[in-house]
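Enquirer: First the structure, then my questions, so here it is.
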Amino acid sequence: MIPVKGAPAAKSRLAPAVPHDARAVLARAFALDTIAAAVGTRSVGRVLVVGDDPSLAGDAEFVPEPGGEGVEHGLLPAIRHGIARARADAPGAVAVLLGDLPALRSEELEAALAAAARHPLAFVRDADGTGSTLATASPGVPFEPRFGRESAALHAAAGFVELAASDLPGLTRDVDTVDGLETVLHHGVGDHTAEAVARLADRKGTP
């Protein structure tokens, strides 16, 4: 399950170096590449995209983010909603993957999920060391991911087993900052992100 933020809140930490409209373009491209990698992962039977933009889902299933008066909004409520939807429809293992991994390759996710299957709860720490990019739960195991600030420490404290992912750079390098974007571009990104960056660079160079 992949939660995707709407454009107004997308990639705010890229400011002020990246204008608002460009951040929205990049955030969309990051999500599309992440979703494509998940859909292409052989062991993944189903991909749910939780958000407010159905056009992002592509070959995945779109799940509208909960709305209405009195409904809690944000990343964690969206994740809880997606997990509930996934578990209501099928009893299998569930994984939550953040949607800002433009360098992710299907074989990296495949390897991480195979390792995660050996533990009731597992997570992958991001390259910065404090956050998380993936959290998983075996069938029937209560699942309450701790994404957000200091999520790696929170996951570990909650009993999630940390997976070794030093050889999976596309899975650990989420993009929140300009430095992070430069790093993944050097590593290699998916087609949507490569196209978006090239288009934005051309636009920037136009008099």
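Enquirer: Please count how many residues of segment 117-135 are open to solvent by less than 20 Å² (accessible area, probe 1.4 Å) and not acidic (Asp, Glu).
Expert: Qualifying residue count, segment 117-135: 8.
Enquirer: Could you run through segment 117-148 and say how many residues are in a loop (DSSP other than H, G, I, E, B) and either in contact (Cβ under 8 Å) with a residue 12 or more places away in the chain or under 20 Å from LEU104 (Cβ atoms) (or both)? Before the answer, list the steps.
Expert: So in segment 117-148, the residues in a loop (DSSP other than H, G, I, E, B) come out as 117-120, 126-131, 138-148.
Filter once more, keeping what is either in contact (Cβ under 8 Å) with a residue 12 or more places away in the chain or under 20 Å from LEU104 (Cβ atoms) (or both): 117, 119-120, 126-131, 138-141, 143-148.
Residues flagged as in a loop (DSSP other than H, G, I, E, B) and either in contact (Cβ under 8 Å) with a residue 12 or more places away in the chain or under 20 Å from LEU104 (Cβ atoms) (or both) within segment 117-148 amount to 19.
Enquirer: Sticking with this structure for a sec: Pick from LEU76, LEU171: which is touching a residue at least 60 places away in the same chain (Cβ under 8 Å), part of a helix (DSSP H, G or I) and in contact with a strand residue (DSSP E or B) (Cβ under 8 Å, 6 or more places away or on another chain)?
Expert: Numbers: LEU76 fails: in contact with a strand residue (DSSP E or B) (Cβ under 8 Å, 6 or more places away or on another chain).
Only one candidate passes the filter, namely LEU171.
Enquirer: Go through segment 48-60 and give me each residue that's open to solvent by 20 Å² or more (accessible area, probe 1.4 Å) and either in contact (Cβ under 8 Å) with a residue 12 or more places away in the chain or under 23 Å from ALA137 (Cβ atoms) (or both). It would help to see each step written out before you state the result.
Expert: Residues of segment 48-60 open to solvent by 20 Å² or more (accessible area, probe 1.4 Å): 52-55, 58-59.
Correct list: ASP52, ASP53, GLY58, ASP59.
Enquirer: Would you mention how many residues in segment 61-81 are farther than 22 Å from THR172 by Cα, at pLDDT 90 or above and open to solvent by less than 50 Å² (accessible area, probe 1.4 Å)?
Expert: 2
The values are calculated or read from the model by the stated rules, or taken from the named source; none is laboratory data. These numbers come from a predicted model, not from an experiment. Backbone-built Cβ (ideal geometry, glycine too); neighbour counts: all protein chains shown. Side chains are part of the model used for accessible areas, which takes the heavy atoms of the whole protein and leaves out ligands, DNA and RNA. Shrake-Rupley method; radii C 1.70, N 1.55, O 1.52, S 1.80 Å.
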